[in-house]
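Okay, so here's the structure we're looking at.
The values are calculated or read from the model by the stated rules, or taken from the named source; none is laboratory data. A quick note: this is a predicted structure, and the numbers were derived from the prediction, not measured. Here Cβ is always computed from backbone atoms with ideal geometry, including for glycine, and neighbour counts include all displayed protein chains. SASA here: full protein model, heavy atoms, side chains in, ligands and nucleic acids out. Shrake-Rupley method; radii C 1.70, N 1.55, O 1.52, S 1.80 Å.
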Amino acid sequence: MSNVTINNPILKGFNPDPSIIKVGNDYYIATSTFEWFPGVQIFHSTDLVNWTLVARPLNRQSQLDMLGNPDSCGVWAPCLSYDNGTFYLIYSNARRYWSQCKDVHNFMVTTDDMHGDWSEPTYLTSSGFDPSLFHDNNGKKWLVNLRWDHRQGQAGATFDAENYFGGIIMQEYSTELQKLVGPVRKIFSGSKLGRTEGAHLYQRNGYYYLLVAEGGTGYEHAALMLRSKNIEGPYQADPQGHLLTAINSDSPLQRAGHADFVDVDNEQAWLVHLCSRPLENRRSVMGRETAIQQAQWSKDGWLRLKHGEVLPQSQLTINGDVVAKQTMVEQFDDFDKEQLSIDFQTLRIPLDNSILSLTERSSYLRLKGRESLGSSFVQALIARRQQAFKFSATTKVDFKPDNFQQMAGLVCYYNSAKYYYLHITHHETLGRILEVTGCTGDTAAQYFTLESIKLPDTGEIILKAEIDYDKLTFSYGITQDNLTRIAIDLDYSILADETGPGGEHANFTGSFVGLCCQDLSGSRHPADFDWFSYIEHE
């Protein structure tokens, strides 16, 4: 046996709201995907050190229809559980959120094979969000979720965001009827920190335990443990206060909260939680990630972090015959397979052959121009997560636009109001040109290139983005060993949770880099991408 170091976060890049289970010798973690399709990422490990993305279960529009969903809507806080040979996945589909009312619908899918297809969804409730399914030892199943109270916005009310969080509620789920049954019970109203959400129920040594997230998704985020002898409550909080938080600290892992755990034995447990690693200007370009902590049960029955504090640890040391895999990610796609790499996702919907093809031109990805980067409906775009502070992304594209409404290229994308876009388009006088456009916090796109860059009328063009913490550099050329840097300074930190209206309390994803094509004329003019690479440099 040797010492092995676990470096946090274990799931780097946009991977918030972790839900963990242990089935035999296998650990699984599910994380939120918001407007990115397919929905929910599920990672697998047998050693808690090395994690592999093995499934995105919501891969059909019949399971997850996000067409028209605003930014940062879609899949919120999935809950993964296992009972009697069946995996259960509970998830929200948020359709509207930036107002006093939230249109959030909650569903369940199941499977007996983690690597196979999941069922069609069973509708549960629309009373709130962050649903979680608890399997009681007596055979009953219970759904817990935050109930949203929109009445704070009624006429004459004094605005107080805390009051919208209407407490954690519970209702029985009938497997026979496949729906919620019986009375709705409010089991916890929240602590003084407020914004109580992300609830999970557990059962241990005669107690029901309730683990909740509090403080919102910003720098006051935290996790709180409560317990009760009765599943209906009342629930009493740990007398030592919050289990986990980075409030008012200089921890490299900030915004720590929204946790879940699995027991190792009667004394030890593993706690997973979301966090972010902000830049020096307190901007989290990778959004919220997933970290892991060692925990243990106290003599009086409370779960505590093993190192005796509430601050998350950036590094853990465990004993085991484990070899840690290479942490620097490299992805190269030459588009010669029948399916895209699992690293890629699309926005809101799957892309059928009318939008994306890997066969119409052999060994090329063809994207057929659709709506603008500001659209919440149909975009011809594929992208992958940023997972390191320093990386480069490069592609080779063949695109011959007929008019200025046709564009294709390489995009660094957070959401429809925060992106930088290096693209080929057409100019009436100059012909084929290269431009850099983007949005830096609102929907008003701007040009960053002072003059359009003239390109040869035909031929493939290499486009490259290089990211160094808060700096973004674009370059282009005919061959990789002779690229021309575009002489503009771009503030990459704009692509972060904390920028734009609402800051980290309204921007819930993380930065992606990818390929896209627009045709605002509606003729669906195609762009052919020969290859794509993503290489981390730290």
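Would you call residue 457 in contact with a Gly (Cβ under 6 Å, 6 or more places away or on another chain) and among the charged types (D, E, K, R)? Yes, satisfied. For region 291-338, filtered to residues that are acidic (Asp, Glu) and closer than 30 Å to residue 207 by Cα, the residue that is nearest to the chain's Cα centre (by Cα) is 309. Condition check for residue 296 on (1) touching an Asp or Glu at 6+ places or on another chain (Cβ under 7 Å); (2) surrounded by fewer than 24 Cβ atoms within 10 Å (Cβ to Cβ); (3) assigned to a loop (DSSP other than H, G, I, E, B): one failure, at (3). Looking for whichever is farther than 21 Å from residue 115 by Cα, surrounded by 21 or more Cβ atoms within 10 Å (Cβ to Cβ) and in contact with a strand residue (DSSP E or B) (Cβ under 7 Å, 6 or more places away or on another chain) here; the options are 15, 3, 8. Which one fits? Of 15, 3, 8, the one residue that is farther than 21 Å from residue 115 by Cα, surrounded by 21 or more Cβ atoms within 10 Å (Cβ to Cβ) and in contact with a strand residue (DSSP E or B) (Cβ under 7 Å, 6 or more places away or on another chain) is 8. Taking the listed residues 477, 431, 459, 510, the one that is open to solvent by less than 40 Å² (accessible area, probe 1.4 Å) and closer than 24 Å to residue 72 by Cβ is 510, with no other qualifying. Which strands (runs of 3 or more DSSP E) does region 180-262 wholly contain that include 1 or more residues that are touching a Lys or Arg at 6+ places or on another chain (Cβ under 8 Å) and of a type in the set (A, V, I, L, M)? Filter on region 180-262 gives 207-214. Inside region 173-228, residues that are hydroxyl-bearing (Ser, Thr, Tyr) and closer than 15 Å to residue 505 by Cβ make up a count of 3.
Here region 246-264 is the region considered, the condition is being open to solvent by 20 Å² or more (accessible area, probe 1.4 Å) and either in contact (Cβ under 8 Å) with a residue 12 or more places away in the chain or under 18 Å from residue 201 (Cα atoms) (or both), and the residue that is farthest from the chain's Cα centre (by Cα) is 264. The residue list 351, 356 contains one member that is more than 29 Å from residue 452 (Cβ to Cβ) and either surrounded by 18 or more Cβ atoms within 10 Å (Cβ to Cβ) or β-branched (Val, Ile, Thr) (or both), which is 351. If only residues of region 265-293 that are in a strand (DSSP E or B) and of a type in the set (Gly, Ala, Ser) are counted, the one that is surrounded by the fewest Cβ atoms within 10 Å (Cβ to Cβ) is 269.
Total residues in region 76-132 satisfying the condition of being among the small types (Gly, Ala, Ser) and outside any loop (DSSP other than H, G, I, E, B): the figure is 6. Any chance you could count how many residues in region 154-192 are under 28 Å from the mean Cα position of the chain (by Cα), open to solvent by 70 Å² or more (accessible area, probe 1.4 Å) and at pLDDT below 90? Of the residues in region 154-192, 1 are under 28 Å from the mean Cα position of the chain (by Cα), open to solvent by 70 Å² or more (accessible area, probe 1.4 Å) and at pLDDT below 90.
Residue count for region 299-326 under the criterion of being surrounded by 14 or more Cβ atoms within 10 Å (Cβ to Cβ) and closer than 30 Å to residue 513 by Cα: the result is 3. Residues considered: 484, 440. Of these, the only one that is open to solvent by 50 Å² or more (accessible area, probe 1.4 Å) and at pLDDT 95 or above is 484. Screening the candidates 507, 482 for the property of being over 15 Å from residue 409 (Cα atoms) and touching a residue at least 24 places away in the same chain (Cβ under 8 Å) yields one hit, 507. If you check 195, 151 for being exposed (fewer than 15 other Cβ atoms within 10 Å of the Cβ), closer than 29 Å to residue 100 by Cβ and touching a helix residue (DSSP H, G or I) at 6+ places or on another chain (Cβ under 9 Å), only one passes: 151. Of the residues in region 499-515, at least one is assigned to a helix (DSSP H, G or I) and over 12 Å from residue 284 (Cβ atoms).
Considering the conditions (1) under 23 Å from the mean Cα position of the chain (by Cα); (2) small (Gly, Ala, Ser); (3) not in a loop (DSSP other than H, G, I, E, B), residue 475 is excluded by exactly one of them, (1). Every listed requirement among (1) part of a loop (DSSP other than H, G, I, E, B); (2) at pLDDT 95 or above; (3) surrounded by fewer than 19 Cβ atoms within 10 Å (Cβ to Cβ) is met by residue 530 save one, (1).
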